[in-house]
Amino acid sequence: MAKVLKFPKGFLWGSSTSAYQVEGGIENCDWVERYPAGKTCNHYNRYEQDFDLLKKLNQNAFRLSIEWSRIEPEPGKFDKKEIEHYRKVLLALKQRNIKSVVTLWHWTNPVWFMKMGGWANKRSINYFERYTKIIVKELGDLIDFWVTLNEPMVYITGYSTGKFPPFQKRNIFKIRKVFNNLVKTHQTAYKVIHKKYPKAQVSISKLTNYFEPARKWCPIEIFFVWLGHIFWNHWFLKRIKNQLDYIGLDYYFHHRIVWYPPFIKNLNKKVTDMGWEIYPQGIYYVLKYLSKFQKPIYILENGLADAKDEKRKDFIRDHLFWIYRAIEEGIDVRGYFHWSLMDNYEWGRMGGFEPRFGLIEIDYKTMERKPRPSAYYYAEICKNNSLTI
Ligand code: BGC
């Protein structure tokens, strides 16, 4: 028998993107040289059309990021035309009655900023503060939810392993600096936003993984789980816990920990096109952990690469089932954003244009947009504010 799981009133149903991955034409940031995204989906010029689709798919919220290197192509010089562009983008959402979740930094940095030492430079905090002030002043009236930083821990590890710009391996002391500067950057940006908008909703998006021991009785595995959790999930959040109006959760990964290398041994019964294990119940445990912070939670990213759209529908259904269960137990979850609205550029060596994360398929030759069957399935959920199982 079908059962209808009704979500709380006012729940946000949306999808997520980031500037470098969807806009196209970004020339001035640190990813371009090694991993050019080129035109990608040309969302920069087609945002109206994309928002019409978003509306047609019954989504009431959208996450995008502002490209810092467009706004501030040279230190202290702000590009009025680009600011105006983002005003138009945000207005286009308002006109369609779609709530905006705006990320100020989704991993890409202006080239000048990296030349000055990037996030290892103490002054990075001041540079970002200056940029945040401009955004607050010029666009703040159109922003419903703020995300200062996207997944800082992913950035920090990418930085240290050399997978992220400037693509050089770094020692542990440099990472510590980057970590501290990102913490302070969030804290400073939080203050700047709240100064003008005391009621602003500000957070980061926090990739939070579910770690569990392969053997529940094995002390070493339990210890490694604790270590992984503290380092990956807790460390950054703990430092900024007094500067969070809500928690932005990104959930993709479950790690089953063993005591021997390579320490992760997932059962991989179902995997995405990236080979990532699909483990929906993990989101429930992660939500339980995050509820300890006693803030509203918005799921700002959850999704999969699935070019054939064979698994996306079940993926959405199963994750929402576990999210619902958390809500039923009193956890204050207020929104779900699928990654991603459309196929886009995926980061780094394993990325490019092969992985297909979109509810909407993109034909990169013609730029045609075609919602996949799972997009219509999700649209029904958004329309009814409920999941039928
Ligand atoms: C990032 C996205 C990325 C997605 C899939 C998230 O960690 O925020 O930018 O495309 O994962 O890898």
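The values are calculated or read from the model by the stated rules, or taken from the named source; none is laboratory data. If you're wondering where the values come from, they're calculated on a predicted model, not measured in any experiment. Glycine gets a Cβ as well: all are built from the backbone with ideal geometry, and neighbour counts include every protein chain shown. For the accessible areas, the whole protein counts, side chains as well, though only heavy atoms, and no ligand, DNA or RNA atoms are used. Shrake-Rupley method; radii C 1.70, N 1.55, O 1.52, S 1.80 Å.
Checking each residue of the range 310-329 against the condition of being within 14 Å of the ligand (Cβ to nearest atom) and β-branched (Val, Ile, Thr) gives no match. Residue count for the range 236-269, restricted to those that are in a strand (DSSP E or B) and open to solvent by 40 Å² or more (accessible area, probe 1.4 Å): 2. Can you work out which of the residues in the range 2-26 that are assigned to a strand (DSSP E or B) and of a type outside the set (Val, Ile, Thr) is farthest from Ile389 (Cα to Cα)? Once the filter is applied, the top-ranked residue is Ser16. Residues that are within 18 Å of Ala375 (Cβ to Cβ), touching a helix residue (DSSP H, G or I) at 6+ places or on another chain (Cβ under 9 Å) and open to solvent by 20 Å² or more (accessible area, probe 1.4 Å) occur in the range 35-48; there is at least one. Any residue at all in the range 368-389 that is at pLDDT below 95, open to solvent by 10 Å² or more (accessible area, probe 1.4 Å), in a loop (DSSP other than H, G, I, E, B) and not charged (D, E, K, R)? Within the range 368-389 (the criterion being at pLDDT below 95, open to solvent by 10 Å² or more (accessible area, probe 1.4 Å), in a loop (DSSP other than H, G, I, E, B) and not charged (D, E, K, R)), the answer is yes, since at least one residue qualifies.
So which residues in the range 158-172 are of a type outside the set (A, V, I, L, M, F, W, C) and either more than 13 Å from Trp119 (Cβ to Cβ) or assigned to a loop (DSSP other than H, G, I, E, B) (or both)?
Listed by number, the residues that qualify are Thr161, Gly162, Lys163, Pro165, Pro166, Gln168, Lys169, Arg170, Asn171.
Residues that are more than 15 Å from the chain's Cα centre (by Cα), open to solvent by less than 40 Å² (accessible area, probe 1.4 Å) and within 12 Å of the ligand (Cβ to nearest atom) within the range 344-361 comprise Gly348, Gly351, Gly352, Pro355, listed in sequence order. Every test in (1) over 25 Å from Arg349 (Cβ atoms); (2) part of a helix (DSSP H, G or I) is passed by Phe62 save one, and that test is (2).
Entry remark, the range 144-169: residues being touching a helix residue (DSSP H, G or I) at 6+ places or on another chain (Cβ under 7 Å), more than 12 Å from the ligand (Cβ to nearest atom) and either of a type in the set (Phe, Trp, Tyr) or touching a residue at least 24 places away in the same chain (Cβ under 8 Å) (or both) number 6 in total. When the range 279-330 is examined, which residues are found to be open to solvent by 10 Å² or more (accessible area, probe 1.4 Å), of a type in the set (S, T, N, Q) and either outside any helix (DSSP H, G or I) or modelled with pLDDT under 95 (or both)? Hit for the range 279-330 is Gln294, nothing else.
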